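Visitor: This is the structure, below, for whatever I ask next.
Only the coordinates and a few stated rules stand behind these numbers; no lab work does. All values reported here derive from a predicted model rather than from experimental measurement. In this analysis, Cβ positions are derived from the backbone assuming ideal geometry, glycine residues included, and neighbour counts consider all displayed protein chains.
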Amino acid sequence: MEAVQQQTCTNCGSADVHASHVRSAFWQDDRLVVVEDIPALVCGACAEQFYDDNTVVGLDLLRGEGFPAEKARAELRVPVFSFVDRAAAKSVP
Ligand SMILES: [Zn+2]
């Protein structure tokens with residue numbers, strides 16, 4: 001649990017690290033899922049998020065279960081963009 005006890009960001013060295021709950025998105029094959037209420041340490045300077053070992057294991061278990069749809073609390077509709085469209089738009093005078 002060394003990562004939890006040292007309250008210094010390993011990314012930028014800031015001491016402004018606080019316990020919080022975050023949400024994160026995970027790809028599983030072609031499916032995108034969001035997990036909320038993940039306990040994490042968050043750096044106030046660079047916004048890097050750190051999970052302790054228990055949390056990492058818990059996320060691995062969720063992933064191992066395949067994020068079953070019947071356990072989902074809600075569903076999000078998300079817009080999908082293609083960078084190709086952006087590149088095409090830029091080439092038009
Ligand atoms: Zn940081």
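Visitor: Out of everything in segment 54-79 that is among the acidic types (D, E) and more than 15 Å from the chain's Cα centre (by Cα), what residue ends up being nearest to E36 (Cα to Cα)?
Guide: Among those residues, the one meeting the criterion is E75.
Visitor: Please count how many residues of segment 46-83 are more than 16 Å from the ligand (Cβ to nearest atom), in contact (Cβ under 8 Å) with a residue 24 or more places away in the chain and at negative phi.
Guide: Within segment 46-83, residues that are more than 16 Å from the ligand (Cβ to nearest atom), in contact (Cβ under 8 Å) with a residue 24 or more places away in the chain and at negative phi number 9.
Visitor: Among what's in segment 12-36 and is among the acidic types (D, E) and either touching a residue at least 24 places away in the same chain (Cβ under 8 Å) or part of a strand (DSSP E or B) (or both), pick the residue that is surrounded by the fewest Cβ atoms within 10 Å (Cβ to Cβ).
Guide: The selected residue is E36.
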